[in-house]
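J.: If you scroll down you'll find the structure; I have some questions about it.
The values are calculated or read from the model by the stated rules, or taken from the named source; none is laboratory data. No experiment lies behind these values; they were computed from the predicted model shown. When we count neighbours, we look across all protein chains shown, and the Cβ atoms used for this are built from the backbone with ideal geometry, even at glycine. Side chains are part of the model used for accessible areas, which takes the heavy atoms of the whole protein and leaves out ligands, DNA and RNA. Shrake-Rupley method; radii C 1.70, N 1.55, O 1.52, S 1.80 Å.
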Amino acid sequence: MTGAVRRQSGPFRVGDRVQLTGPKGRLNTVTLEEGGEFHTHQGVLSHDVVIGAPDGSVVVSSNGVEYLALRPLLTDFVMSMPRGAAIIYPKDAAQILAQADVFPGATVVEAGVGSGALSLWLLRAIGPEGRLFSFERRDEFADVARGNVGAFLGAVPENWSITVGDLQETLPQSVEAGSVDRVVLDMLAPWECLDAVADALTPGGVLLCYIATVTQLSRVAEAIRATGSFTDPAPSETMVRGWHVEGLAVRPDHRMVAHTGFLLTARRLAPGAVLPALKRRASKSDYSDEDVELWTPGSLGQRPGSDKSLRRAAREAQAAARAAGAEPTPDGQ
């Protein structure tokens, strides 16, 4: 099913997800239904009290307990949605949008789709005039992603598609050569797809790889250099530390979101262009193909969830999508 994407603002409506914060700061997320009720040991909160109220209202349960009602932000949603695979955290998603310079109207390729967290950020960034082509090897992950996107937006957007299959084979069949503005790769071995990505990207387009380990970082960086089709890759990581601020008690939080992954960006050169050689001091960075294989042995492996957990995540995501008014179909249309 496709349709108009629900606005994430305005008064609460039937089918909206609402985040209720109680007196002790505990969060509960419910999907509003006519005549529905939210039950706790402290009483009952009728959904009808929330429906029609402005976002950010304080509502009262049957025994006088107050709850702050807010529509969940995208950050809140992706951190609590059903997962078939590990998600890209909001701190990395924000940097991906910035470093890849994802703009309204852009044509973007994403692989793999995982649980759909990054898809939601990309869809928001490209707007209705853009186009997002997502690729995933596993049907189960694609089902979870469709459900999560439909649950948050209220519909599966017409400018988004998920193709199940290997990127090297399916990308040339899905997009015209030189027509893609941005490519984001979140996969185990992105170096295997560089030729297909180079063909799809427009000159000056951005390739961004999300990489979990230093061994993968090294290998994909050298593979990008070896193609001769990109600028020199630029790696980075992002760490976020919150602060406690209450009166004169101002200090860093005891916990922080540290390493989650590396981001590596490079831009597509024009066909036939040769990147000028960089002048570097002599170093111990020389290596051979054998060194690379020793550094990144064939032991790189995925740790996918069990089939049972994937099926459960898919059912939960699609149930949330139906409650929000979206009905994802197997082909994402």
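J.: Quick test of your reading of the structure: LEU123 fulfils all but one of (1) of a type in the set (A, V, I, L, M); (2) within 24 Å of LEU20 (Cα to Cα); (3) open to solvent by 10 Å² or more (accessible area, probe 1.4 Å); (4) touching a helix residue (DSSP H, G or I) at 6+ places or on another chain (Cβ under 9 Å). Name the failing condition by number.
T.: So the condition that LEU123 fails would be (2).
J.: Going through the range 60-91 one residue at a time, which ones are over 30 Å from TYR210 (Cα atoms), open to solvent by less than 30 Å² (accessible area, probe 1.4 Å) and either under 32 Å from the mean Cα position of the chain (by Cα) or among the aromatic types (Phe, Trp, Tyr) (or both)?
T.: TYR67, ALA69
J.: Can we say ILE96 is closer than 26 Å to ALA234 by Cα, open to solvent by less than 20 Å² (accessible area, probe 1.4 Å) and free of Cβ contacts under 8 Å to residues at least 40 places away in the same chain?
T.: So ILE96 does not fit the description; no.
J.: Which of the residues belonging to the range 58-80 are over 16 Å from THR31 (Cα atoms) and outside any loop (DSSP other than H, G, I, E, B)?
T.: The answer is VAL58, VAL60, GLU66, THR75, MET79.
J.: Can you work out which of the residues in the range 225-270 that are open to solvent by 100 Å² or more (accessible area, probe 1.4 Å) and in contact with a strand residue (DSSP E or B) (Cβ under 7 Å, 6 or more places away or on another chain) is farthest from ALA196 (Cα to Cα)?
T.: Residue satisfying both the conditions and the ranking: TRP243.
J.: Identify, from the list SER9, SER46, SER62, SER57, the residue that is polar (S, T, N, Q) and modelled with pLDDT under 90.
T.: Among SER9, SER46, SER62, SER57, only SER9 is polar (S, T, N, Q) and modelled with pLDDT under 90.
J.: Return the total of residues in the range 217-260 being closer than 14 Å to PRO190 by Cα, of a type outside the set (Lys, Arg) and in contact (Cβ under 8 Å) with a residue 60 or more places away in the chain.
T.: Total meeting the criteria: 2.
J.: Can you tell me how many residues within the range 202-222 are surrounded by fewer than 20 Cβ atoms within 10 Å (Cβ to Cβ) and either part of a helix (DSSP H, G or I) or of a type in the set (S, T, N, Q) (or both)?
T.: Of the residues in that region, 6 qualify.
J.: Would you call ILE51 within 30 Å of the chain's Cα centre (by Cα) and open to solvent by less than 20 Å² (accessible area, probe 1.4 Å)?
T.: It is false that ILE51 is within 30 Å of the chain's Cα centre (by Cα) and open to solvent by less than 20 Å² (accessible area, probe 1.4 Å).
J.: Here's a follow-up. Would you call VAL197 outside any strand (DSSP E or B), under 23 Å from THR107 (Cβ atoms) and touching a Phe, Trp or Tyr at 6+ places or on another chain (Cβ under 8 Å)?
T.: Judged against the criteria, VAL197 is not a match.
J.: Sort out which residues of the range 28-54 are part of a strand (DSSP E or B) and over 25 Å from MET79 (Cα atoms), and write them in order of number.
T.: GLY43, VAL44, SER46, listed by residue number.
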